[in-house]
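First the structure, in the form of structure tokens, and then the observations on it.
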Amino acid sequence: MPDDVFKALADPTRRTILDELAERSGQTLFEICSRLSVKHRLALSRQGVSQHLAVLEAAGLVETRREGRYKFHDLNTAPLRQIAERWPVPETPEPEEGSP
């Protein structure tokens, strides 16, 4: 699973898509394409964005749900937490008063 997450995060366009979903989760493909085009000046086809979303979904970073004929994309940060938990930072003791 972490290999898929690292692969998904390696691409700057996919990171931008995740940024957009972090800002507003539950977007349709049309909304994501519009935001990438207008806000980030990225000229990607709907198919290109869809392929990026497929990589993000395979990595578990994006979850989809259907409501009628619409498909909504939601950010899932659980895989990122799993990576962070893999390499915990050791706690450093608090310096005592009067210590340098």
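The values are calculated or read from the model by the stated rules, or taken from the named source; none is laboratory data. What you see is a predicted model; the values in this text were computed from it and never measured. Cβ: placed from backbone, ideal geometry, glycine included. Neighbour counts: every protein chain shown. Heads up: the accessible areas ignore ligands, DNA and RNA and are worked out on the full protein's heavy atoms, side chains in. Shrake-Rupley method; radii C 1.70, N 1.55, O 1.52, S 1.80 Å.
Numbers below:
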read-out	value
Ranking by accessible area, most exposed first, for T13, T92, T77 with a 1.4 Å probe	T92, T77, T13
Neighbour net charge for P2 - beta-carbon separation under 14 angstrom, K R +1, D E -1	0
Area accessible to solvent at H40, 1.4 Å probe radius, in Å²	70
Net length gained if the chain between T92 and L42 were fully extended (0.36 nm per residue, minus Cα distance)	13.7 nm
Normalised convex hull volume, the chain, alpha-carbon set, Å³ per residue	151
Share of carbon and sulfur in the accessible heavy-atom surface of the chain [1.4 Å probe, %]	52
Cα gyration tensor shape of the stretch 29-83, rounded if a/c is under 1.5, else prolate or oblate by comparing a/b with b/c	oblate
F30 accessible area, assembled protein chains, probe 1.4 Å, Å²	130
Å² per residue, accessible surface of the chain at 1.4 Å	71
Dipole-positive endmost among A43, P12, Q82 within the chain (Cβ charges, Cα centre)	A43
